[in-house]
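See below for the structure under consideration.
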Amino acid sequence: MTGKSTGVRAAKTAANRTKMLAAARELFTTRGYAQTTMKAIADQAGMAVQTLYFTFATKRAILSELLDVEIAGDTEPIATMDRPWFAAAVAAPPAEQIRLQVAEAGTIYARVSPLLEVIRSAAATDPELAELWRTNITQRHLVQLRLAEALATKTHLRAGITVARAAEVALAVLAPETYWLLVHERGWTNAEWESWATDALTLQLLPTGPPRGDTGEAPGPEGAR
């Protein structure tokens, strides 16, 4: 087999995988996870059900890969904390860091919040999806913890707020459940949610009044713990 034919075959395989993921997303978010069968996904994608099983093996595997792709916005195997937006946020001044991390959360949730709501809802009765939901929370918490650590190296945090608490506050404010409630159920725009979340995190995490770090002193215990 020539290199050209191998490339054509690989491109067709990738295109079919994308088609199957798109079909699954459509059905998961309109019918629900439990009501969506592998045959329904195959039919929606215009594929043989055997091809779907060969590619993904299980419905849960489809959902897991789809979630990864939706969060990333692409199929590149690059972890969240290795992506350019994360490096830009870590390098930015405190208030700009918060703005950047909220903006990225808004961009991600604009894509993935319907799928996350499917997982959250189904997790109550499906142990596999409960595990997937817990994993997602753990991953989001780790990202917020690293961002909180970066924030604390640049400024004192608000009095009484430790790095651990800052990460938990950000995890709550930027929770997909809150985004879903305000944007999808209460009719907020994505921009309105971003403005609210930015204000909330700024007020909760940054000190009030003139920054105490202006003297050149390193952040004190409030930001170091």
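The values are calculated or read from the model by the stated rules, or taken from the named source; none is laboratory data. Here the structure is a predicted model, which means the values were calculated and not measured. All Cβ positions, even for glycine, are placed from backbone atoms using ideal geometry, and neighbour counts span all protein chains on display. Accessible surface is based on the protein model in full, side chains and every heavy atom, while ligands, DNA and RNA are left aside. Shrake-Rupley method; radii C 1.70, N 1.55, O 1.52, S 1.80 Å.
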Selected residue [at pLDDT 95 or above and in contact with a His (Cβ under 6 Å, 6 or more places away or on another chain)] from Leu147, Leu142, Leu171: Leu171
Yes/no for Pro94 being of a type outside the set (Gly, Ala, Ser) and surrounded by 12 or more Cβ atoms within 10 Å (Cβ to Cβ): yes
Near pairs, Cβ below 7 angstrom, 6+ apart or cross-chain, from segment 64-79 (of a type outside the set (S, T, N, Q)) to any residue that is surrounded by fewer than 17 Cβ atoms within 10 Å (Cβ to Cβ) and part of a helix (DSSP H, G or I): Glu70/Arg111; Gly73/Arg111
Those residues of segment 15-55 which are in contact (Cβ under 8 Å) with a residue 40 or more places away in the chain, aliphatic (A, V, I, L, M), in contact with a Ser or Thr (Cβ under 8 Å, 6 or more places away or on another chain) and assigned to a helix (DSSP H, G or I), in sequence order: Met20, Ala24
Some residue of segment 187-195 being in a loop (DSSP other than H, G, I, E, B), charged (D, E, K, R), more than 30 Å from Lys59 (Cβ to Cβ) and free of Cβ contacts under 8 Å to residues at least 12 places away in the same chain: no
In segment 103-124, residue nearest to the chain's Cα centre (by Cα) [restricted to those that are open to solvent by 20 Å² or more (accessible area, probe 1.4 Å) and farther than 16 Å from Arg31 by Cα]: Ile108
Residues satisfying the stated conditions in segment 39-64, i.e. open to solvent by less than 50 Å² (accessible area, probe 1.4 Å) and either of a type outside the set (A, V, I, L, M) or closer than 25 Å to Ser113 by Cβ (or both): Ala40, Ile41, Ala45, Thr55, Phe56, Lys59, Ala61, Ile62, Leu63, Ser64
